[in-house]
Each structure stands twice: as C-alpha cells, then as structure tokens.
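**Student:** Structure provided below as structure tokens; questions to follow.
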Amino acid sequence: MALISSILQHVKSHSASKISTYIQRRLFSNDVRKENIVIVGAGIAGLASALSLQRFGIRSLVLEQAESLRTEGSSITLSKNGWKALDAIGVGDELRSQFLDLQGVVIKSDDGKELNSFGFKDEDKSQELRVVERRVLLETLASKLPPNAISFSSKLSNIETSENGTNTLLQLQDGTHLSAEVVIACDGVWSPTAKWMGFRQPKYAGHIAFRGLGYFPEGQPYEPKVNYTYGRGLRAAFVPASKTKVYWFVLCNSSSPGPRITDPSILRQQAKELVRDWPVADMLNLINLTPDDTLTRNPLYDRWLWPVISPPPFSGRTVLAGDAWHPMTPNMGQGACCALEDSIVLTEKLAEAMKSKHTSVEDAFKAYGSERWKRVFPLTVMANRIGALLQSENTLICSVRNNLLVPKLKPRALTKHTNYEFEQAKRDRH
C-alpha cells in the first residue's frame, strides 16, 4: 500500500516521462545491483582503464554489449606515447615481443617516384612505433583482469542520475539494473553516454578507410618500415606488423559514408579497384593475401571539442574516455594512443580521489578533463587537417604536397606529438 500511495502522489505533480522513470525505480529498487565502478565498453580504453585501476587495488566491472571481445578488424598503430601507457599497466613488454619495431618511412607518389625517406630514430633515439593486432591487444589486456571482470552481452539501454545525485543508474537491455558510484564510459564513437551528456554526434570527415592484414605463413619479405603512397584523393600504405603479417590500408574520398558493407569478397574487390592502376604491385598482393576476418571498411569520423561550446567530459560521477569523448581520424595514428593516455590519467586521478579525504571524484574528473582537453583537441583538429591535405584531389595542391612539402619533411614532424609526458610523472620527477 505504501508503494502504491507513493506512486499516486508522484503522478499528481510530474510529467509522463518522469512518472515512468519513477515507477521503474520503485518497482525495481530491490533488484538493483550495486557496483563501485562500472566501465561501459570492453575496447582499448575500457580494458586499459580496468587494468589501470587494478594497479591501485580498485575493482571494476566492465560491461560489453557483444557476446565476446570485439576483435574484428586488423591492426592499430602505437607510438612512443602509447607504449608508455602500456608499460604503466604492465603489458608493454609482452606485446613488444610479438610485433616489429619499425625503423623508418618511405613515401612515394602514385607514379612510383620516391618523395622522401628517413628513420624514426634519426633525431630521437627514444622513438618507438609498432603495429599491433587489435585482437592480440584486447586479449592481452583482458587476460590480466580477474575472472568475471567483464560482463558480456550487457548492452546499455538507459542511463540516468539517481534522485540524490550520488550514483548513476544503468539499465541493460536484458532488464538488469545497476547502481554505480562511478561510471567510466568507453562506449565508442557512437557513445550513447556522450549523447546523454549533450555531446553532438561525430561528424563524417569525407574519407573511407579499407584495412586488412596480409598473411605470409612462410614469412613476410619486407623491411620494418612504413611504406606510403600518395595519389590524388587516394592514398595507401603497408606496414610489416610481425614476421608473418603485414598491415595495409587504402583511404579514398567519398561524399557520404555509404551503406555498411561486411561481405569480405566485396571489400576485397573494392579495395583492389582503388589501387589497380598504381605501379605498386605489393598492395594488390597484400589485399589478395588478407584473411576475410581482417578486412574492414570504415567511414572516418571525428568530433572537435571546441572550448566553451563542448560540454565537459563528465556529468556527476560519470565520465567519458577514448573515442566516446574525442573520436579522431587516424591521420596521425593517435586514436588508440590517446585512449590509452586517457585511461592512465583518469584512473590515477580517480584512485587518488577515492583514497583521499580532500579530493572528490568530481574534482578528479574536472582535473582529468582539463589535462586531457589540452592534449586531444589540438590532435583531433590537426589529424583532420592533415587528412584533408593528403586526400586532396586538387592538382596544384597535390603538386605542392609532393614536390615541396613531403621532400622537406623531417622525422620530428611525424614524431613530436608522441613525446607526451603524464603530468603526474612530471610532478614526481620534480
């Protein structure tokens, strides 16, 4: 009777949507699972955050909407800053042992002419660049977490702040209700949590990326270098990842993202058609040697976090990390690296707040947002502008690029953004 009376009282003074929410809360209040920290998304940012929290003795629950780890796709480029983050959570050396340390880059035009080449370590011996299989990276991160740390088939259907404002209420598609003291949303480019916070949807950048991982069972024949080819409105590259695998991509312009395509035979055919007339036989061979499960086609999106206009990356005790906050195009190879950086900075500040009587979780999120915005906003804009230059279809712009800009390119121009140092590390050093 008390429950019915409470609901009737609420009906008199609230809108229909608020009434529905209130009824759900009251009816399911005894079935709500309480969690300390919930991480939404078992991608790179989510798993790295869970593993980083584990360093501080803090347990978390990772919710993943898929039935298993989303290991589809080919590879991820990780620079010096990404490896620094992986070292911090204790998996750097395990991954290094499986992937080649890339020594340099060769850049050619689509007629086969070499425009420039240099070593990554020519000006800075500390530089490190490797291509890592997405599957191996995710499986390695997940393997370091306790059993049942990841809850699969757990798709978020609703998120809201509790009435007292201290907890976040999560409803899953299967009807499960969770109440979390802290939520770290790593739910990807199309993050429903970011939408709930008021972020605009990511914007299509005008380019589509075909990617794959060529397989050579007897050993691949290439030197450990990045091999770029620049054309008009089209570019491609192939990069040895390991002793038997070579990562490749082809980027083309498109006025719209187009339909989602998953059929490997169609993806393979479309990728080959793009480079069929280029005097780079390696690309066609690599595409032919690519297993179906590593072939992907991805329209590129980003979100520019304009100061004042963009919301902060947190609301109450819910915070965004990785692509959920700052999706960026891959033109600087920093998407995964920045997600890893996020996980370290966020979890260090959160752990400090949880163990301190003087710093609140909200203060920790504010400090995280301030430190990381200064890093990710310029990188997102720069990656987008570099992509526009490299994908230009204008004959004059392509000529200036190939004959003036690229030949004068120095290693530092490609690596200076990787010299990131965590503010906590700076304070510890001083």
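**Student:** Filter segment 101-124 down to the residues that are of a type outside the set (Asp, Glu) and assigned to a strand (DSSP E or B) and list them by number.
**Tutor:** GLY104, VAL105, VAL106, ILE107, LYS108, SER109, LEU115, ASN116, SER117, PHE118, GLY119
Conditions tested, residue by residue: (1) modelled with pLDDT of 95 or more; (2) closer than 28 Å to SER360 by Cα; (3) assigned to a loop (DSSP other than H, G, I, E, B).
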| position | (1), (2), (3) |
| --- | --- |
| GLY165 | no, yes, yes |
| THR193 | yes, yes, no |
| TRP196 | yes, yes, no |
| GLU218 | yes, no, yes |
| PRO221 | yes, no, yes |
| ASN227 | yes, no, no |
| ARG232 | yes, no, yes |
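**Student:** Please find, within segment 195-250, the residue that is most open to solvent (accessible area, probe 1.4 Å) out of those that are among the hydroxyl-bearing types (Ser, Thr, Tyr) and under 22 Å from THR262 (Cα atoms).
**Tutor:** Among those residues, the one meeting the criterion is TYR215.
**Student:** Evaluate segment 302-312: report whether one residue or more is open to solvent by less than 30 Å² (accessible area, probe 1.4 Å), out of contact with any Phe, Trp or Tyr (no Cβ under 8 Å at 6 or more places or on another chain), in contact (Cβ under 8 Å) with a residue 24 or more places away in the chain and assigned to a loop (DSSP other than H, G, I, E, B).
**Tutor:** Scanning segment 302-312, I find no residue that is open to solvent by less than 30 Å² (accessible area, probe 1.4 Å), out of contact with any Phe, Trp or Tyr (no Cβ under 8 Å at 6 or more places or on another chain), in contact (Cβ under 8 Å) with a residue 24 or more places away in the chain and assigned to a loop (DSSP other than H, G, I, E, B), so the answer is no.
**Student:** Could you tell me which numbered condition LEU138 fails, if it satisfies all but one of (1) touching a Gly at 6+ places or on another chain (Cβ under 8 Å); (2) assigned to a helix (DSSP H, G or I); (3) open to solvent by 10 Å² or more (accessible area, probe 1.4 Å)?
**Tutor:** Going through the list (1) touching a Gly at 6+ places or on another chain (Cβ under 8 Å); (2) assigned to a helix (DSSP H, G or I); (3) open to solvent by 10 Å² or more (accessible area, probe 1.4 Å), LEU138 breaks only (3).
**Student:** Something else now. Please determine, by comparing only the residues of segment 53-96 that are hydroxyl-bearing (Ser, Thr, Tyr) and part of a strand (DSSP E or B), which one is surrounded by the most Cβ atoms within 10 Å (Cβ to Cβ).
**Tutor:** The extreme case among them is SER75.
**Student:** From the residues in segment 125-135 that are assigned to a loop (DSSP other than H, G, I, E, B) and not charged (D, E, K, R), which one is nearest to PHE238 (Cα to Cα)?
**Tutor:** Only one residue tops the list, namely LEU129.
**Student:** In addition: Report yes if some residue within segment 170-186 is at pLDDT 95 or above, open to solvent by 30 Å² or more (accessible area, probe 1.4 Å) and touching a His at 6+ places or on another chain (Cβ under 7 Å); otherwise report no.
**Tutor:** yes
**Student:** Also, I was wondering about something else. Quick check on PRO257: is it surrounded by fewer than 16 Cβ atoms within 10 Å (Cβ to Cβ) and in a loop (DSSP other than H, G, I, E, B)?
**Tutor:** no
So that you can scan it fast, the table gives a plain yes or no per residue for (1) over 24 Å from ARG297 (Cα atoms); (2) at pLDDT 95 or above; (3) touching a Ser or Thr at 6+ places or on another chain (Cβ under 6 Å):
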position: LEU51; (1), (2), (3): yes, yes, no
position: SER60; (1), (2), (3): yes, yes, no
position: GLN65; (1), (2), (3): no, yes, no
position: LYS84; (1), (2), (3): yes, yes, no
position: ASP87; (1), (2), (3): yes, yes, no
position: VAL91; (1), (2), (3): yes, yes, yes
position: VAL106; (1), (2), (3): yes, yes, yes
position: LEU145; (1), (2), (3): yes, yes, no
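**Student:** Restricting the first residue to segment 314-341 and requiring it to be in contact (Cβ under 8 Å) with a residue 40 or more places away in the chain and charged (D, E, K, R), which pairs with a second residue that is assigned to a loop (DSSP other than H, G, I, E, B) and open to solvent by 20 Å² or more (accessible area, probe 1.4 Å) meet a Cβ separation below 6 Å and a spacing of at least six or different chains?
**Tutor:** ASP323/GLY188; ASP323/VAL189
**Student:** Please verify whether LEU267 is in a helix (DSSP H, G or I) and out of contact with any Cys (no Cβ under 7 Å at 6 or more places or on another chain), treating the condition exactly as stated.
**Tutor:** yes
The values are calculated or read from the model by the stated rules, or taken from the named source; none is laboratory data. Fair warning: this is a prediction, and the values are worked out from it, not measured in the lab. Please note: Cβ atoms are built from the backbone with ideal geometry, for glycine as well, and neighbour counts cover all protein chains shown. Just so you know, the surface numbers come from the protein's heavy atoms only, side chains and all, with ligands and any DNA or RNA stripped out. Shrake-Rupley method; radii C 1.70, N 1.55, O 1.52, S 1.80 Å.
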